[in-house]
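Q: Before anything else, here's the structure in question.
Computed from the coordinates by the stated procedures, all read-outs in this text should not be read as laboratory data. Remember, it's a predicted structure, so these values are computed and weren't measured experimentally. All Cβ positions, glycine included, derive from the backbone under ideal geometry; neighbour counts span all protein chains shown.
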Amino acid sequence: AQSVTQPDIHITVSEGASLELRCNYSYGATPYLFWYVQSPGQGLQLLLKYFSGDTLVQGIKGFEAEFKRSQSSFNLRKPSVHWSDAAEYFCAVGLSYNTDKLIFGTGTRLQVFP
Amino acid sequence: DVKVTQSSRYLVKRTGEKVFLECVQDMDHENMFWYRQDPGLGLRLIYFSYDVKMKEKGDIPEGYSVSREKKERFSLILESASTNQTSMYLCASGTGGLDSPLHFGNGTRLTVT
């Protein structure tokens, strides 16, 4: 069965430090991969997505993610974290291009210290 | 900008009550979804709808039903609320393909006592 694993439940970083959030997926076919962010009290907002092509994708707010097929991973990175990045981050996989039904991971809560 | 509006931010209901959670989107999206969000479990799909009067079960439909009488409105119904349905409920809408992102409401936090 298709699944998405985010091994880190909670991560704490200092403002200005680099960040990497891990995501592993289990899916037999070509995956359609997403990262969403949920700020406190808000709904989810799309950060970036990967369908094909260049395995390093750029998103909003200075985030990027790298697709590694050999590791079944799609890790999210940011070189310098800002206090406003404190939020919950969800990795998701889409099962088919023609449907927007997504399977989400369990989320990683990011805390940023000044 | 697409707006997905959930009618209540917080709800407190008693065990056994019938509960309606309402969601309205203003962009003529074909698809609408109800997710449940719990700590450590992420988002789990309850029900989704690809058209008016059309619904499909998600991964955790037990104890829930839905209604979509108009394209813009998708209701989640708890026929007889139980304490294990205390959770955050998120509504989303989409165009039907992965080329456009899902748009989420801000959520309804439901407490069943």
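Q: Under a 10 Å cutoff between Cα atoms, tell me which one of B:LEU11, B:LEU45, B:LEU78 has the largest fluctuation in the Gaussian network model of chain B.
A: Of the options given, B:LEU11 has the highest mean-square fluctuation.
Q: A further question follows. Excluding same-chain residues fewer than 8 positions from A:LYS61, which lysines have a Cα within less than 24 Å of its Cα?
A: A:LYS49, A:LYS78, B:LYS3
Q: While we're here: About the Cα centre of chain A, what is the dipole size in debye to 20, counting +1 per Lys and Arg Cβ and -1 per Asp and Glu Cβ, all else neutral?
A: With only Lys, Arg, Asp and Glu charged at Cβ, the dipole is about 180 debye.
Q: Can you give me the long-range amide H partners of B:GLY58? Hydrogens built in the peptide plane at 1.01 Å from N, cutoff under 5 Å, separation of 5 or more residues or another chain.
A: Those lying under 5 Å, H to H, from B:GLY58 are B:TYR47, B:PHE48.
Q: Just to confirm a number: summing +1 for Lys and Arg and -1 for Asp and Glu over residues other than B:THR111 whose beta-carbon lies under 14 angstrom from that of B:THR111, what do you get?
A: Overall, the nearby charge balance is +3.
Q: When all C-alpha to C-alpha distances in chain B are sorted into bins of 5 Å, what percent of pairs does each bin hold, rounded to whole numbers?
A: Histogram of Cα-Cα distances, whole percents per bin: 2, 13, 24, 27, 19, 10, 4, 1, 0.
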